[in-house]
Amino acid sequence: MLQFLVDTVLRASDLALIALGLSMLYGLVKFPNVAHVQYAMFGAYVTYALQSSGFPLVGALLAGSVAAGLLTLGLQVLVFQRLLRGGPAIAMIGSLAVAMLVIAIMQGLAGSFPRMFNLPRVEPLVIGGARIAWTQLYLMGTTIVLLALFMLVLFHTRLGRAMRALSSNPMLANASGLNAERITYCVSFASGAIAGLGGSMLALSTGAHINLGNDLLLPVFAAAILGGLGNPIGAVFGALLIALTETAVTNLNFGPLLGRELAFMPVGYISAGSFLILLLALLFKPYGLFDRDVRRV
Amino acid sequence: MRSSRVPGFRRARIAAAASLLTLAGTAAWAQDSVNIGAVLSLTGANATVGEDVRRGIMLGVEHVNAKGGVLGKKFNIIIEDSGGNPTTALNAARKLATVDKVPVVMGEYSSGITLPMAQYLVKEGVTHLNIASSSTKIRQLGATSFSLVGLENFGNQFSAKDTWDLGYRKVAMIAPNNAYGQGVLEGYKAEFEKLGGKVVTEVLYTAGQSTYRRELQQMSRSNPDAYVYTAYGQESAVINREAEELGLRKTPWYAILMSMSLSDTPPAIANGQIGMELGSVQGAAGKAYADAFKAKYTEGFKTSYTGYGYDGVLLTAAAIEKAKATTPAAIQAALKEIGATGFPGVTGTIRFDQDRQRVDPPYDKLKFEGGKLAPR
């Protein structure tokens with residue numbers, strides 16, 4: 001049971017930071033940015049490059065997230081701002097192209113072999129019957145801390161209030177004197193940095209590889225949509241729900257139904273489980289689970 | 001009209017004559033070597049094995065040329081990369097068959113790639129030598145395909161008997177979800193159950209995932225006596241590491257095709273595993289080959305497949321000498337004759353049965369300790 005909870009929280013923290021960044025930025029730019037998950041991949045590679053050339057791990061992680069933030073900011077200013085003049089659909093297609101470009105460039109620079117971090121081998125932590133590797137524990141801890149910080153900023157600072165205002169009614173916010181452009185730049189950088197950090201910490205366990213972004217694309221979008229696009233806290237709950245579904249589906253023993261001792265759903269089908277949940281949720285609550293919140297924010 | 005009156009015609013004639021001479025010269029130069037081809041995994045999940053086999057093959061070519069080449073000419077091999085996927089391998093084979101027009105192509109490594117590639121080669125009438133794959137479907141490839149490697153029926157029999165003798169009665173299995181993995185799973189299960197054992201969980205893993213935790217957790221629910229697995233280098237490194245993290249290594253882990261499964265796993269994690277492997281090098285010839293390999297490449301071979309590449313090269317050279325020709329049909333006839341009597345290779349005596357598959361292939365029992373593979 002404990003292992004089940006641990007696995008759920010672990011999977012949720014893989015997704016939460018990136019889904020948070022995606023949803024937060026969506027609230028301001030109003031188009032789904034398919035390239036967002038590639039910022040995570042980019043951050044992971046930068047962190048790997050620095051750590052393997054001798055930088056301390058924490059410094060490399062920070063540098064990786066800053067690099068991802070700068071990439072996001074750069075792309076927002078140079079590419080997406082212009083594409084948005086043509087409408088959100090054009091911007092989304094453009095983001096697909098950007099995603100493919102980022103993957104191709106990284107593959108050309110870094111090759112197709114996954115790059116494992118050279119970390120000292122430590123025995124995994126054993127709590128109750130559950131086992132957690134230390135890198136996974138750090139990921140969970142960092143996610144929780146960042147989430148708390150984010151909520152603090154969003155609800156208790158002027159910047160957070162400005163973000164929420166801008167997200168709910170851009171024209172009125174502009175008229176009230178808020179500098180929409182500057183806030184969007186800040187948020188772009190922050191969401192990119194968070195995604196980069198999320199990707200780097202994930203890469204500590206799985207290695208930095210080209211498909212890091214693509215593997216996360218569908219679950220992250222599912223989580224963000226479940227929470228309601230534009231509702232960052234909702235995205236985190238969406239991530240939790242997706243993680244819960246995936247873990248439940250793979251741990252459920254269908255043996256008794258089939259007359260065998262043990263029978264499990266093959267792991268390749270778990271995305272089907274999460275998307276079934278997404279489909280069902282959208283059928284009944286089209287604006288995401290936190291319906292009223294989204295419309296208010 | 002006199003031709004020299006047409007502007008540029010004189011120049012064109014000289015250019016045409018010059019290019020004809022160059023072509024003739026090139027053609028003559030090309031005929032000074034006998035070319036064969038090979039398709040290997042130089043990039044992708046099995047790059048470690050691919051590079052290892054490439055070294056064995058190049059050593060073989062060097063030795064053949066040191067003894068005077070083939071039919072008095074230089075023996076040359078054209079190596080193409082399969083990229084670890086069937087489409088690229090097929091394109092490589094097509095290039096070797098139609099552009100380089102080689103009579104023999106060796107390769108590849110994974111059965112899922114060897115099968116479609118060899119089907120193409122057989123259709124074109126080109127001789128195919130299997131030097132690493134073990135799926136039993138290779139037997140049905142066709143009249144121009146020869147196998148130096150023992151097919152899975154022999155391998156699975158050996159593994160099943162070995163694990164039974166080690167005392168395991170309930171095992172959990174994991175293998176890749178492709179022709180090779182499915183073949184091993186079904187074959188091993190059939191053999192193990194014949195002996196009275198039981199395979200309590202079977203997992204076919206999808207290639208290229210960055211984590212296999214869920215698959216491992218599913219397997220551990222069945223509480224097996226041992227985990228029997230086979231996996232490609234890169235993915236196996238992930239599986240082994242996560243098995244260690246999940247505490248599953250307290251139960252014995254038995255690797256089928258151990259050097260492939262452990263090619264990219266760090267020694268600290270691989271320590272303590274046992275398994276089986278294709279017979280690497282046998283006898284005095286094998287030892288001489290191992291020494292020559294180490295002398296040329298500083299480190300010894302990392303996997304047990306290099307000997308088959310080496311034997312493939314020497315066997316082809318012998319067949320061409322015997323046939324006194326380089327046409328595919330002549331080479332195939334010569335290979336059949338040599339295979340009937342037996343060819344002394346570094347992997348043992350190579351004999352073919354009537355389906356051109358290796359008879360009595362060698363296997364080794366291995367364990368991993370002290371940072372490397374050792375016989376058990």
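Each reported figure results from applying straightforward, stated rules to the coordinates on display, with no laboratory input. These figures come from a predicted structure and were not determined experimentally. Heads up, the Cβs are rebuilt from the backbone with ideal geometry, glycines too, and the neighbour counts pull from every protein chain shown.
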**OP:** Could you run the Karplus curve 6.51 cos²θ - 1.76 cosθ + 1.60 with θ = phi - 60° over the range A:268-274 and give me ³J(HN,Hα) per residue in whole Hz, x for Gly and Pro?
**Re:** x, 9, 5, 4, 4, x, 5
Subject >> Separation between Cα centres of the range A:249-274 and the range A:102-174, rounded to whole Å >> reply: 30
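Would the range A:2-296 count as rounded, prolate or oblate if I go by the C-alpha gyration tensor, calling it rounded below 1.5 in a/c and otherwise prolate when a/b exceeds b/c, oblate otherwise? List each step's numbers first, then the result.
Working: a/c = 1.67, a/b = 1.25, b/c = 1.34.
It is oblate, given that a/c is not under 1.5 and a/b is not larger than b/c.
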Original post:
Taking H as built 1.01 Å from N, whose amide H comes closer than 5 Å to the amide H of B:Tyr205, not counting residues under 5 places away?
Top reply: B:Ala175, B:Asn177
**OP:** Ignore the peptide's own chain and count Cβ atoms of other chains within 10 Å of each Cβ in B:352-358; give me the average, rounded.
**Re:** 0
Subject >> Gain upon complete extension [B:Asp165, B:Glu62; 0.36 nm per residue less C-alpha separation] >> reply: 32.8 nm
**OP:** List, in order, the whole-Hz ³J(HN,Hα) value for each residue of the range B:229-244 obtained from phi through the Karplus relation with A = 6.51, B = -1.76, C = 1.60 and θ = phi - 60°; use x for Gly and Pro.
**Re:** 9, 8, 7, 6, x, 5, 6, 5, 4, 5, 4, 5, 5, 6, 4, 5
Original post:
Exposure proxy check: B:Tyr109, B:Tyr308 ranked by fewest other beta carbons within 10 Å?
Top reply: B:Tyr109, B:Tyr308
**OP:** May I ask for the distance between the Cα centers of the range B:355-376 and the range B:203-280, given as a whole number of Å?
**Re:** 18
Subject >> Rounded to the nearest 20 debye, dipole of the protein assembly as shown from Cβ charges on Lys, Arg, Asp, Glu >> reply: 1720
Subject >> Span from the the range A:15-83 Cα centroid across to the the range B:100-117 one, whole angstrom >> reply: 43
Original post:
Just how large is the dipole of chain B about the Cα centre, in debye to the nearest 20, putting +1 at every Lys and Arg Cβ and -1 at every Asp and Glu Cβ?
Top reply: 1320
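Express the relative contact order of chain B as a whole percentage, based on alpha carbon pairs under 8 Å and six or more residues apart in sequence.
Numbers: 725 pairs, mean separation 62.7, N = 376.
Reported relative contact order: 17 percent.
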Original post:
Put +1 on the Cβ of each Lys and Arg and -1 on the Cβ of each Asp and Glu in the protein assembly as shown; which of A:Leu149, B:Gly72, A:Ala130 then has its Cα farthest toward the positive end of the dipole?
Top reply: B:Gly72
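Full-extension gain between A:Phe113 and A:Leu279, please, as 0.36 nm times their residue separation minus the C-alpha to C-alpha distance. Please list the in-between numbers first.
Numbers: separation 166, 0.36 × 166 = 59.76 nm, distance 3.51 nm.
That works out to 56.3 nm of additional length.
Can you tell me, using C-alpha contacts under 8 Å and at least 6 residues apart, the relative contact order of the range A:2-296 as a whole percent? Don't skip to the end; give the middle numbers.
Numbers: 457 pairs, mean separation 98.2, N = 295.
Relative CO of the range A:2-296 lands at 33 percent.
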Original post:
What list of ³J(HN,Hα) couplings, whole Hz, do you get for the range A:172-185 from phi and the Karplus terms 6.51, -1.76, 1.60, once you set θ to phi - 60° and write x for glycine and proline?
Top reply: 5, 4, 4, 5, 6, x, 7, 7, 4, 4, 4, 5, 4, 4
Original post:
In degrees, nearest 10, range 0 to 90: what is the angle between the Cα axis of helix A:2-29 and the longest Cα principal axis of chain A?
Top reply: 20
Original post:
By how many nm would the segment from A:Ala248 to A:Ala175 grow when fully extended, if each residue of separation counts as 0.36 nm and the alpha-carbon distance is taken off?
Top reply: 21.4 nm
Original post:
Taking the Cα-to-Cβ direction at B:Glu299 and at B:Ala268 and moving 7 Å from each Cα, how far apart do the two end points lie in nm?
Top reply: 1.8
**OP:** Tell me which residues come under 5 Å, amide H to amide H, from B:Gly348 once H is placed; ignore anything under 5 positions away on its chain.
**Re:** B:Gln282
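Regarding chain B, what is the average projected area of its C-alpha convex hull, in nm²? Mind dumping the intermediate values first?
Working: hull surface 91.0 nm².
About 22.7 nm², averaged over all directions.
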Original post:
With springs only between Cα atoms under 10 Å, which of A:Asn174, A:Asn211, A:Asn231 fluctuates most in a Gaussian network model of chain A?
Top reply: A:Asn174
Original post:
Out of B:Thr298, B:Val200, B:Thr326, whose Cα points farthest toward the positive end of the dipole of chain B (charges: +1 Lys, Arg; -1 Asp, Glu; placed on Cβ)?
Top reply: B:Thr326
Original post:
Taking other Cβ within 10 Å of each residue's Cβ, how do A:Thr250, B:Thr251 sort, fewest first?
Top reply: B:Thr251, A:Thr250
Original post:
Which ordering of A:Glu246, A:Glu181 is given by a fewest-first count of other beta-carbon atoms within 10 Å?
Top reply: A:Glu181, A:Glu246
Subject >> Cβ-based charge dipole, the protein assembly as shown, positive-most Cα from B:Pro224, B:Ser236, A:Leu252 >> reply: B:Ser236
Original post:
What is the distance, in nm, between label points placed 7 Å from the Cα along the Cα-to-Cβ direction at A:Ile127 and at A:Leu5?
Top reply: 0.8
Subject >> Shape metrics for the protein assembly as shown, restricted to C-alpha atoms - Rg then Dmax, Å >> reply: 29.9, 102
Subject >> Listed pairs B:Lys123/B:Lys302; B:Lys67/B:Lys336; B:Lys296/B:Lys372 exceeding 28 Å between Cα atoms >> reply: B:Lys123/B:Lys302
Original post:
In the Gaussian network model of chain A, springs joining C-alpha atoms below 10 Å, which of A:Phe150, A:Phe275, A:Phe113 carries the largest mean-square fluctuation?
Top reply: A:Phe113
**OP:** Would you kindly compute the Cα radius of gyration of the range B:167-271 and its largest Cα-Cα separation (Dmax), both in Å?
**Re:** 12.6, 36
